[in-house]
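The values are calculated or read from the model by the stated rules, or taken from the named source; none is laboratory data. This one's a predicted model, so the numbers in the text were calculated from it and none came from an experiment. Methodologically, a virtual Cβ is constructed for each residue, glycine included, from the backbone with ideal geometry; neighbour enumeration extends over all protein chains shown. What goes into the accessible areas is simple: the full protein's heavy atoms, side chains included, and nothing from ligands, DNA or RNA. Shrake-Rupley method; radii C 1.70, N 1.55, O 1.52, S 1.80 Å.
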Amino acid sequence: MSLKKHILDLRKRREKVQLGGGEKAIEKQMAMGKMTARSRILALLDNDSFTEYDLFVEHEARDFGMDKKELHGDGVIIGTGTIYGAPVAIFAQDFTVAGGSLGLMHARKITKIMDHALKMRMPLIGINDSGGARIQEGVNSLAGYGEIFYRNTIASGVIPQISVILGPCAGGAVYSPALTDFVFVVDQISKMFITGPNVIKTVLGEEISMEELGGARVHAEITGNAHFFASSELECFEQIKKLISFIPWNNTQKAKVFPPKEPKFNGKIEDIIPADPKQPYDVRDVIKAIVDDSDFFEIQEFFAPNIVIGFGRMNGQTTGFVANQPLVLAGVLDCDSSDKAARFIRYCNAFNIPIITLEDMPGYLPGVDQEHAGVIRHGAKVLYAYSEASVPKITVILRKAYGGGYIAMNSRHLGADFMFAWPTAEIAVMGPEGAANIIFKKEIEEAEDPDKMREVKVQEYIERFANPYVAAAKGYIDSVIEPEETRKLLLHAIEVSSNKIDQRPFKKHGIPPF
Ligand code: HXC
């Protein structure tokens, strides 16, 4: 055969295989409102940057009539490309080929690209759209999953791992995304569950739709499995691109530095906080008044909204923000918000991202529900994560810093490098009312007018303790600052800590309160 004929033959083969499960299956996929695996990759990556591997891989299964089935690419596309010039490794399961089910060769393709990503120290993106373990391949599919989970774990904290759920992700398949750093879901399209509606009906006799059981909103709002929620696939890809722009390619690097930009905020930062300390406000407004271009990229926006986490840039440098949200539950720490914050702090630490903590909270949420849900165990994660983090850690106390909350929210005592407090800060063991009721119990009870006496004692307590000056006098706070000075001082703190070295004793790993 001449070279030209060889090339034509290659093109024909490529075209056939690139069609995945064929035109009918593609039509079905699109009728479900879903893009195809290939179009997803092309929409996400920089133009012309995708290079595919293992296009011609075929399955090797022989049982249950599989010997007669051709499964193009074995239901998954793998390759490398770039996003805003950053190298990424990617796989996308192709639902048009045997429902994107995972057999031995399908798994081998995924583990190949995972190994490649780890060796080349680049982010890994996995697009999941699959019926789970390929039933006809039995233990081979289970082995495949195990090998993926193992690699997810080995790569954790070394390269960023991103999971995108764009279809069903059922059974054990959910655990690979759960082991990765960021999970993206799309309204009406993403479905994640361990046991599906059929099993639930058989075992428990309960009827539930896939959407109610494990749809995108469920994971974005209730379970916290998802970090980003989008209303369309294209919006989801924009979110992924934005995330990639904020994070470094691996744990030996820092995130790309962008040209600095002043916040777009024109008002006075202190005007965001109401004069009455009991009135709530949106802490995201404070973040936007501080970060470059007022561009704050929030993570897990709809889950445990009593804490706010996300990335912003300070003089062009990616910075992680952890902030109590007075708008929701007065910004308390509870089981879910502790989990949310702790995981994010560990992410920032693993990937060399400085952390700014904005504090305004009355402590841990009291109540039987929280105690029984394990607020001790979950709350401890925040203490662990902050103490463990050796990246630059800066705290600004805006208002309340009571009790365990004062310690937990990156206090000096957990290794904060810089502690700033606004003059409105109240640093105390507990709120003035509760404290006065306990320590002045006798005086209040014995007074002629107990209510008046309580008021007097509350005021006495506020004057003595509910301010930043007691803590500042002991050096627990480095500086009491005017709100307008916040950005300037934070920029300075980040600048002077860029060579921070914080060496810890050798250990294999700690035992965090998982
Ligand atoms: C083999 C599968 C498959 C699977 C789907 N298909 N799932 N083939 N193994 N697990 C095939 C179908 O036979 C069909 O093939 C094609 O994919 C499309 O599937 P449909 O059912 O027609 O699509 P749809 O109606 O959209 O339903 C999608 C679905 C459903 C909800 C995902 O297919 C489903 O419930 N599948 C099984 C899910 C499951 O229980 N998986 C195993 C989980 S256990 P044809 O040839 O007709 O096009 C597990 C253990 C892993 O994963 C443990 C690891 C630790």
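For segment 249-286, filtering for residues that are outside any loop (DSSP other than H, G, I, E, B) and either of a type in the set (A, V, I, L, M, F, W, C) or touching a residue at least 12 places away in the same chain (Cβ under 8 Å) (or both) leaves 7. When you scan segment 121-131, do you find a residue that is charged (D, E, K, R), within 8 Å of the ligand (Cβ to nearest atom) and either part of a loop (DSSP other than H, G, I, E, B) or in contact with a strand residue (DSSP E or B) (Cβ under 8 Å, 6 or more places away or on another chain) (or both), even just one? Among the residues of segment 121-131, not one is charged (D, E, K, R), within 8 Å of the ligand (Cβ to nearest atom) and either part of a loop (DSSP other than H, G, I, E, B) or in contact with a strand residue (DSSP E or B) (Cβ under 8 Å, 6 or more places away or on another chain) (or both), which makes the answer no. When Lys109 is tested against (1) under 21 Å from Phe182 (Cα atoms); (2) away from the ligand (no atom under 16 Å from the Cβ); (3) assigned to a helix (DSSP H, G or I), just one condition goes unmet, and that condition is (1). Listed by first and then second residue, the pairs linking a residue in segment 22-46 that is touching a residue at least 12 places away in the same chain (Cβ under 8 Å) and in a loop (DSSP other than H, G, I, E, B) to a residue that is within 13 Å of the ligand (Cβ to nearest atom) and open to solvent by 30 Å² or more (accessible area, probe 1.4 Å), with Cβ atoms under 7 Å apart and 6 or more places separating them unless they lie on different chains, are Thr36/Ile26. Annotation: of all residues in segment 456-479 being of a type in the set (A, V, I, L, M, F, W, C) and surrounded by fewer than 17 Cβ atoms within 10 Å (Cβ to Cβ), the one that is farthest from the chain's Cα centre (by Cα) is Val456. Residues that are more than 28 Å from Ala43 (Cα to Cα), open to solvent by 10 Å² or more (accessible area, probe 1.4 Å) and near the ligand (Cβ under 9 Å from one of its atoms) within segment 132-153 comprise Ile135, Gln136, Glu137, Leu142, Gly146, listed in sequence order.
Given the conditions (1) of a type outside the set (Asp, Glu); (2) at pLDDT 95 or above; (3) out of contact with any Gly (no Cβ under 8 Å at 6 or more places or on another chain); (4) within 22 Å of Pro277 (Cα to Cα), and given that Leu365 satisfies all but one, which numbered condition is not satisfied? Failed condition: (2). Looking at Leu213, is it open to solvent by 40 Å² or more (accessible area, probe 1.4 Å), in contact with a helix residue (DSSP H, G or I) (Cβ under 9 Å, 6 or more places away or on another chain), touching a residue at least 12 places away in the same chain (Cβ under 8 Å) and within 16 Å of the ligand (Cβ to nearest atom)? The answer is yes for Leu213.
Identify, from the list Ala220, Ala289, the residue that is closer than 18 Å to Gly331 by Cβ, among the aliphatic types (A, V, I, L, M) and outside any loop (DSSP other than H, G, I, E, B). Before the answer, list the steps.
Working: Ala220 fails: closer than 18 Å to Gly331 by Cβ.
On inspection, the qualifying residue turns out to be Ala289.
Within segment 154-166, restricting attention to residues that are within 19 Å of Phe344 (Cα to Cα) and in a strand (DSSP E or B), the residue that is nearest to the ligand (Cβ to nearest atom) is Ser163. I'd like the residue in segment 354-404 that is under 19 Å from Pro305 (Cβ atoms) and of a type in the set (D, E, K, R) and, out of all such residues, is nearest to the chain's Cα centre (by Cα). The selected residue is Lys381. Within segment 405-433, the residues that satisfy the criterion of being open to solvent by 30 Å² or more (accessible area, probe 1.4 Å), assigned to a helix (DSSP H, G or I) and farther than 21 Å from Gln325 by Cβ are Arg412, His413, Glu433.
When Asp46 is tested against the conditions (1) under 25 Å from Ile148 (Cα atoms); (2) more than 12 Å from the ligand (Cβ to nearest atom); (3) modelled with pLDDT of 95 or more, the lone failure is (1). For beta carbons closer than 7 Å, sequence separation of 6+ or different chains, a first residue in segment 342-369 that is farther than 17 Å from Ala421 by Cα and a second that is buried (at least 24 other Cβ atoms within 10 Å of the Cβ) and among the charged types (D, E, K, R), the qualifying pairs are Tyr347/Asp181. Could we say that Asn198 is in contact with a His (Cβ under 8 Å, 6 or more places away or on another chain) and open to solvent by 20 Å² or more (accessible area, probe 1.4 Å) here? Here the answer is no, as Asn198 does not meet what is asked.
Arg284 falls short on exactly one of the conditions (1) among the basic types (Lys, Arg); (2) open to solvent by 70 Å² or more (accessible area, probe 1.4 Å); (3) touching a strand residue (DSSP E or B) at 6+ places or on another chain (Cβ under 9 Å), and that condition is (2).
Which residues, counting only those in segment 175-192, are within 12 Å of the ligand (Cβ to nearest atom), hydrophobic (A, V, I, L, M, F, W, C) and either crowded, with 22+ Cβ neighbours inside 10 Å or free of Cβ contacts under 8 Å to residues at least 24 places away in the same chain (or both)? If you could, list the steps in order and put the result at the bottom.
Let us first name the residues in segment 175-192 that are within 12 Å of the ligand (Cβ to nearest atom), namely 175-176, 178-179, 189, 191-192.
Narrowing further to those that are hydrophobic (A, V, I, L, M, F, W, C): 178-179, 189, 192.
Correct list: Ile189, Met192.
When segment 360-401 is filtered for residues that are more than 10 Å from Cys335 (Cα to Cα), of a type in the set (Val, Ile, Thr) and surrounded by fewer than 19 Cβ atoms within 10 Å (Cβ to Cβ), only Val368 remains.
Only a single criterion out of (1) surrounded by fewer than 15 Cβ atoms within 10 Å (Cβ to Cβ); (2) out of contact with any Pro (no Cβ under 9 Å at 6 or more places or on another chain); (3) of a type outside the set (A, V, I, L, M, F, W, C) is not satisfied by Gly310, namely (1). The lone criterion from (1) crowded, with 21+ Cβ neighbours inside 10 Å; (2) away from the ligand (no atom under 13 Å from the Cβ) left unmet by Cys169 is number (2).
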